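The values are calculated or read from the model by the stated rules, or taken from the named source; none is laboratory data. Since the model is a prediction, treat every value here as computed from it, not as a measurement. Positions of Cβ are generated from backbone atoms using ideal geometry, with glycine treated the same way; all protein chains shown enter the neighbour counts.
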Amino acid sequence: MLICCVLIAACSSTPEVLEQVEQPVDVLYNDALATALNDDPKKAAPKFEEVERQHPYSALAVRAQIMAAWSFYEGNDYARAVAALDRFVELNPASEFVEYAYYLKALSYYEQIVDVERDAAMTQLAMQAFEELVRRFPQGTYARDAQLKIDLTRSHLAGKEMAVGRYYLNNQFYSAALRRFHIVIETYDTTNQVPEALHRSAETYLALGLIEEASRMQQVAVYNYPDSIWTQRLNELIADPEKPAPKGLFERSVNAVTSIFD
């Protein structure tokens, strides 16, 4: 019976779990860094996390946290990168790497932006993250690049509104089209989408028989964008409302928007 009990106990026991060997902090960190530099960020991330696990109060632990987040980012694991960066900022608000953490978080959203025909939620998150970076570090290392990407994301969001507006216009949903075009004119007034928004608004007003409103759009366009091709088209449209739009104009405008991030 004793032998049987021993055999049963042996069969029912769980497999032995190998314990991770405790190593000096510099050995762990250098191994993780070498893995990252050898273009294998997915394997490097858990190694950097192991540095913090074994040596949470060491000088390299903070650096390992930001490097783990970077490794997730380089490995295109953006969700884990954002989570790691949020945790880093929460735990190390006074760290010299906080500005970089905000920048890397914004890039994690930015890298996931798709064309204007798709959902713009990620574009909105990227813009907000870059705006937060500029607000906190207006003279920082990444402020200039962040501002550039803010402008690009705003143009992307404006392009989304224009794409929807053109769809409504082509299907004669004039009120809905005007709402979209006016969002671009009023909310995204610094983007390169505004001249077309003015043109499309005037086109919509003419379709509704509102000649005075169309002329007002023309005046705004001539005053603010005298050299724009869209202002030229608008002048021609007002002069001859019955003249059809040039062939391929709609397609060129769509291509111009979707090429912003190419």
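Can you pull out every residue in the stretch 172-184 that is surrounded by fewer than 19 Cβ atoms within 10 Å (Cβ to Cβ) and aliphatic (A, V, I, L, M)? Give the steps one after another, and end with the answer.
Let us first name the residues in the stretch 172-184 that are surrounded by fewer than 19 Cβ atoms within 10 Å (Cβ to Cβ), namely 172-176, 179, 182-183.
Listed by number, the residues that qualify are 176, 183.
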Residue satisfying condition, being buried (at least 16 other Cβ atoms within 10 Å of the Cβ), hydrophobic (A, V, I, L, M, F, W, C) and over 15 Å from residue 106 (Cβ atoms), within set 44, 59: 44
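Which of the residues that make up the stretch 3-50 are assigned to a helix (DSSP H, G or I) and at pLDDT below 80? Quick ask: steps written out before the conclusion?
Filtering the stretch 3-50 for residues assigned to a helix (DSSP H, G or I) gives 3-12, 25-37, 41-50.
Correct list: 3, 4, 5, 6, 7, 8, 9, 10, 11, 12, 25, 26.
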Enumerated helices (runs of 4 or more DSSP H) restricted to the stretch 105-213, each holding at least 3 residues that are in contact (Cβ under 8 Å) with a residue 24 or more places away in the chain and under 12 Å from the mean Cα position of the chain (by Cα): 121-136, 143-170
Test: residue in the stretch 87-105 that is of a type in the set (Gly, Ala, Ser), in the same structural domain as residue 60 (by TED's automatic domain parsing) and surrounded by 20 or more Cβ atoms within 10 Å (Cβ to Cβ): no
Single residue of the stretch 20-57 satisfying the filter (without any contact (Cβ under 8 Å) to a residue 12 or more places away in the chain and of a type in the set (D, E, K, R)) that is nearest to residue 92 (Cα to Cα): 53
Flag for residue 53 being among the basic types (Lys, Arg), at pLDDT 90 or above and more than 23 Å from residue 126 (Cβ to Cβ): no
The stretch 51-90, residues that are acidic (Asp, Glu), in contact with a helix residue (DSSP H, G or I) (Cβ under 7 Å, 6 or more places away or on another chain) and outside any helix (DSSP H, G or I): none
Some residue of the stretch 109-123 being out of contact with any Lys or Arg (no Cβ under 6 Å at 6 or more places or on another chain), among the basic types (Lys, Arg) and surrounded by 15 or more Cβ atoms within 10 Å (Cβ to Cβ): no
Selected residue [in contact with a helix residue (DSSP H, G or I) (Cβ under 8 Å, 6 or more places away or on another chain), buried (at least 20 other Cβ atoms within 10 Å of the Cβ) and over 30 Å from residue 109 (Cα atoms)] from 169, 208: 169
